[in-house]
């Protein structure tokens with residue numbers, strides 16, 4: 001079954017700590033994404049990756065960085081987490097920019 | 001820039017009544033792909049419908065939508081709401097990049 005896997009599902013971090021969210025896909029999709037979802041704001045695009053080491057900022061990249069060293073793996077890093085980064089983070093992948101997305105199950109991050 | 005507008009943040013319906021969720025879009029891309037995603041509580045969004053053909057009705061799981069390029073619309077409809085339809089619905093368009101609307105929460109009550 002083709003899927004996108006996110007780890008961890010739940011995470012609690014203190015303000016100032018570093019956070020690593022991991023995402024993997026087994027569909028050999030070139031394009032991967034990180035979104036955050038907040039009530040009333042919908043899905044906000046943080047970063048897009050078009051392939052290994054080919055990443056672009058989305059609409060809200062500030063405070064985040066990404067790493068993609070293998071096609072099937074895309075990481076989101078928060079250096080020195082802030083309380084306003086408390087959110088649900090979704091990873092997604094697609095065959096191309098015009099294809100539909102497959103979403104991971106999400107990571108609920110709480111920064112205290 | 002590109003955008004997707006979902007005018008209703010919350011739609012409440014009684015079971016059995018018809019559903020219509022509005023979606024309009026703006027894009028410079030001449031051949032946009034339009035999508036509807038559905039997200040049930042504590043789940044991730046999943047694709048419900050997609051279309052890239054003007055004036056062609058697309059159906060899935062009792063829902064349907066027709067892309068109208070003349071009015072830049074892709075409204076989601078269903079003839080009879082069910083309790084299990086309660087969820088968050090996102091309209092999105094794909095072109096140079098996928099743009100999501102802010103979502104419409106549908107609440108169906110008995």
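No lab work stands behind these numbers, since they all come straight from the coordinates. Quick caveat, the model's predicted, so the values are computed rather than measured. Cβ placement follows ideal geometry from the backbone for every residue including glycine, while neighbour counts extend to all protein chains displayed.
Expressed in Å, the radius of gyration and Dmax of the Cα atoms of the range B:70-110 are 12.9, 42. Distances between every pair of Cα atoms in chain B, grouped in 5 Å steps from 0 to the bin holding the largest one, split as 2, 13, 24, 26, 19, 10, 4, 1, 0 percent. Between A:65, A:36, A:14, where does the largest GNM mean-square fluctuation fall for chain A, given springs only between Cα atoms within less than 10 Å? Top of the fluctuation ranking is A:14.
Taking the number of Cβ atoms within 10 Å of each Cβ as an exposure proxy, the fewest-first ranking of B:93, A:73 is A:73, B:93.
For the range A:20-109, the mean projected area of the C-alpha convex hull, equal to one quarter of the hull surface, is 5.5 nm².
Over the protein assembly as shown, the hull volume per residue, using the convex hull of the C-alpha atoms, is 122 Å³. Per residue of B:35-43, other chain Cβ atoms within 10 Å of the residue Cβ number 2 on average.
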